[in-house]
Amino acid sequence: MAQRPSLIRRGVRCVGSILDGLRRWLSRLMFVVFLLVVVAFLRTDLAVQVPTDAALVLSLQGALVEQSEVDPLQKLVDEAVGAPVRETQVRDVLRALEAAATDHRIKAAVLDFSHFEGGDLSKLVQIGAAVEQFKAAGKPVLAYADQYSQSGYYLAAQASEVHLHPMGQVSIEGFSTYPAYFRDLVEKIGLEINVFRVGEFKSAVEPFIRNDMSEASRKANQAWLGNLWTVYKTGVASARSRDPEDIQHYADRMGDLMVQTAGDGAQLALQEGLVDALSHRDEFIDRVREETSADEDGGFKRIDQNAYLLAVGREAPVEAGKPTVGILVAAGTIVDGDPAPGSVSGDVFAEQVRQARLDDAIKALVVRVDSPGGSAFASEVIRRELELTREAGKPVVVSMGSVAASGGYWIATASDRILASPATLTGSIGVFGIIPTFQDTLAKLGVHVDGVGTTSLAGALRSDRKLSPEVGRSIQAMVEKTYRDFLLRVADARDLPVETVAKLAEGRVWSGSDALDLKLVDAYGEVPEAVKAAAQLASLGDAYQARYLTPDLNLRQYLMARMQGNASLTRSLRMLLPPELARVLQVWLAASDQLAWSAQGGIYALCLCGKTG
């Protein structure tokens, strides 16, 4: 029998193996960094030249977002390997259109929907308004698609001309929300969902305790869906010189209308006045060339949105020392702890607010909220910093995006003024707690948990034990207390009696148009209007500038955010890691995915709203 290596020798081998693995991992990482640096160099604005007599091509990629949810490193990796772009930042589109409107080199704009996945209505309305301003500068906007989705068509309708492929169609189906409900599944697998809530309309927990939509939720959802549909119909009809009822008729009677045109969706769209021409791709190119100049390949001179922004700058130049209105964007679910792309960290965002408050150049603050809420504690941390900013003499104006509900509305209460879009979803003034336990699931598998503790609370929050009534009463009391705090904050901020706020609350979601009537917001407007309002409140006159403020993450926060929030980048890194480290990373990520739901105290101000379609 071979003699087993000594403990020292085994230790040396282990250390050697670790060092060798680390060497291989670092060499692979350095190679990836090298590729990223090359890509970054190739994308510098030094190489970008805007051609004369060109068209600005707005190739909308992926979904519209208020703030990028993809890590910059991931974007570079995607571009390096030719992966599709997953998002388009709304303010990039607005900036490109604004700059191109007065750029003598740009003669027209082209809307390309080849890779467009849609966006919330309020975002579409913003871009539609920017298209109108571009047209007002005397420059045409030409739209083309093989098929128009509902979102894509809203933007296309704002164009000077709408072209559709002869085999295409325009899909308009209206708005809907059809959540999945899991009560039967929960009971079948033995999972026990302990729910603590206040408010008849707090429907975030309904999927776990019902098999269908409650009548209260049905009533509220029908109301805000109807308001959004009205905004959509009106916007399209106005742009196309049609009646809103024409759009309703098109959606309601699609079957009959399609039969009348023998299944020719493109001809139907032309017949109904939704498009101006049925054009093959080459024919559309010929049409654009009439407004611009031909390129060397027989097409038209063009520059895409990203290249154009590299040439002119993604934001207007900032002057040092000039009075500034700072703009902070709170986009995504509000969470405790470290941030991840697509979320708002209470700690990090509050620190951003604090830095803005201490910056002498920043005289006022605009907070762009595009969030369904999340952790009630994190929302309060942010609200408190905004309150301190106002006490320091710096006005705070909230600009609501597509959704500013529950925790998103909580932080809005610490503002001097709230602006929203008619298509904003807001309100949802309510809180809940939810604790699942799976002792019955384990019992089905023959596993049982038993033991002793020194108090009635010891081990009471274990997920493998039934929740004790005493703990349940404690959590319900905390939820009710948080709800009372929410009502008082809204009542104080909006100068309304608590009794009035209570009738508007209970977790009910309101559209921006209803919220204005109910005095939950002050006026309609987007970021530019919010900036003007903040400047007026700060008595800045016309001598000011606006600047987006970006978070300054420390190394730990940056790495945590990248690893938690980027599944595709993580997969790429795992391919480069030694097998041992890759397995550890996979296990750690599986656990960290739950962090977004670990609110302080287990109490949420979260709205599962805005999911239409």
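Brief remarks follow.
- When restricted to residues that are surrounded by fewer than 20 Cβ atoms within 10 Å (Cβ to Cβ), in contact with a Lys or Arg (Cβ under 9 Å, 6 or more places away or on another chain) and assigned to a strand (DSSP E or B), region 417-440 contains 1.
Table: residues versus (1) part of a loop (DSSP other than H, G, I, E, B); (2) in contact with a Ser or Thr (Cβ under 9 Å, 6 or more places away or on another chain); (3) surrounded by 14 or more Cβ atoms within 10 Å (Cβ to Cβ).
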site	(1), (2), (3)
Ala460	yes, yes, yes
Met478	no, no, yes
Ala502	no, no, yes
Ala535	no, no, yes
Ser539	yes, no, no
Ala546	no, yes, yes
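- Any hit, region 96-106, residues being in a strand (DSSP E or B) and either closer than 22 Å to Thr52 by Cα or modelled with pLDDT of 95 or more (or both): yes
- Options Glu192, Glu290, Glu245, Glu283; residue that is surrounded by fewer than 20 Cβ atoms within 10 Å (Cβ to Cβ), closer than 30 Å to Ala156 by Cβ, of a type outside the set (A, V, I, L, M) and in contact with a helix residue (DSSP H, G or I) (Cβ under 9 Å, 6 or more places away or on another chain): Glu245
- Annotation: of all residues in region 177-215 being of a type outside the set (Asp, Glu) and free of Cβ contacts under 8 Å to residues at least 24 places away in the same chain, the one that is farthest from Val509 (Cα to Cα) is Lys188.
- Residue check, Thr261 hydroxyl-bearing (Ser, Thr, Tyr) and under 19 Å from Glu173 (Cβ atoms): yes
- Restricting Ala307, Ala294, Ala356, Ala269 to those that are of a type in the set (A, V, I, L, M), modelled with pLDDT of 95 or more and not assigned by TED's automatic domain parsing to the domain that holds Gly374 reduces the list to Ala269.
- Qualifying positions in region 231-246 - in contact (Cβ under 8 Å) with a residue 60 or more places away in the chain and assigned to a helix (DSSP H, G or I): Val231, Tyr232, Gly235, Val236, Ala239
- Tally of residues being under 24 Å from Ser122 (Cα atoms) and assigned to a strand (DSSP E or B) across region 368-387: 6
- Residues that are assigned to a strand (DSSP E or B) and touching a helix residue (DSSP H, G or I) at 6+ places or on another chain (Cβ under 6 Å) within region 344-367 comprise Ile362, Ala364, Leu365, Val366, listed in sequence order.
- Condition met for Lys466 (within 30 Å of Thr177 (Cα to Cα), basic (Lys, Arg), in contact (Cβ under 8 Å) with a residue 24 or more places away in the chain and outside any helix (DSSP H, G or I)): no
- Taking the criterion of being of a type in the set (A, V, I, L, M) and surrounded by fewer than 16 Cβ atoms within 10 Å (Cβ to Cβ), the only residue of region 212-242 that qualifies is Ala223.
- Residue in region 258-269 that is touching a Lys or Arg at 6+ places or on another chain (Cβ under 8 Å), farther than 27 Å from Ala109 by Cα and either free of Cβ contacts under 8 Å to residues at least 12 places away in the same chain or not hydroxyl-bearing (Ser, Thr, Tyr) (or both) present: no
- Pairs linking a residue in region 101-125 that is in contact (Cβ under 8 Å) with a residue 12 or more places away in the chain to a residue that is among the acidic types (Asp, Glu) and in a helix (DSSP H, G or I), with Cβ atoms under 8 Å and 6 or more positions apart or on different chains, are Lys107/Glu291; Ala108/Glu291.
- Of the residues making up region 247-264, those that are part of a helix (DSSP H, G or I) and touching a Leu at 6+ places or on another chain (Cβ under 9 Å) are Ile247, His249, Tyr250, Met254, Leu257, Met258, Gln260.
- Given (1) closer than 23 Å to Asn221 by Cα; (2) surrounded by fewer than 20 Cβ atoms within 10 Å (Cβ to Cβ); (3) of a type outside the set (Phe, Trp, Tyr), number of the condition Gly451 does not satisfy: (1)
- Pro339 passes every criterion in (1) touching a helix residue (DSSP H, G or I) at 6+ places or on another chain (Cβ under 6 Å); (2) outside any loop (DSSP other than H, G, I, E, B); (3) of a type outside the set (D, E, K, R) apart from (2).
A quick yes/no check of all residues on (1) assigned by TED's automatic domain parsing to the domain that holds Thr482; (2) closer than 25 Å to Lys481 by Cα; (3) modelled with pLDDT of 95 or more:
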position: Val344; (1), (2), (3): yes, yes, no
position: Arg368; (1), (2), (3): yes, no, yes
position: Gly374; (1), (2), (3): yes, yes, no
position: Ser379; (1), (2), (3): yes, yes, yes
position: Val396; (1), (2), (3): yes, no, yes
position: Ser399; (1), (2), (3): yes, no, yes
position: Gly408; (1), (2), (3): yes, yes, yes
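- Of all the residues in region 405-424, those that are under 23 Å from Arg508 (Cα atoms) and in contact with a helix residue (DSSP H, G or I) (Cβ under 6 Å, 6 or more places away or on another chain) number 13.
- Residue-level analysis places Ile303 among those that are within 30 Å of Val531 (Cβ to Cβ) and in contact with a strand residue (DSSP E or B) (Cβ under 9 Å, 6 or more places away or on another chain).
- Screening Phe201 against (1) modelled with pLDDT under 90; (2) assigned to a helix (DSSP H, G or I) leaves a single unmet condition, (2).
- From the options Tyr483, Tyr524, residue that is in the same structural domain as Val396 (by TED's automatic domain parsing), surrounded by fewer than 23 Cβ atoms within 10 Å (Cβ to Cβ) and in contact with a strand residue (DSSP E or B) (Cβ under 7 Å, 6 or more places away or on another chain): Tyr524
- Checklist (1) more than 30 Å from Pro244 (Cβ to Cβ); (2) outside the structural domain of Tyr148 (by TED's automatic domain parsing); (3) more than 26 Å from the chain's Cα centre (by Cα) applied to Ala262, failing item: (1)
The values are calculated or read from the model by the stated rules, or taken from the named source; none is laboratory data. This is a predicted model, so every value here is computed, not measured. Every residue, glycine as well, gets a Cβ built from its backbone with ideal geometry; the counts of neighbours run over all protein chains shown.
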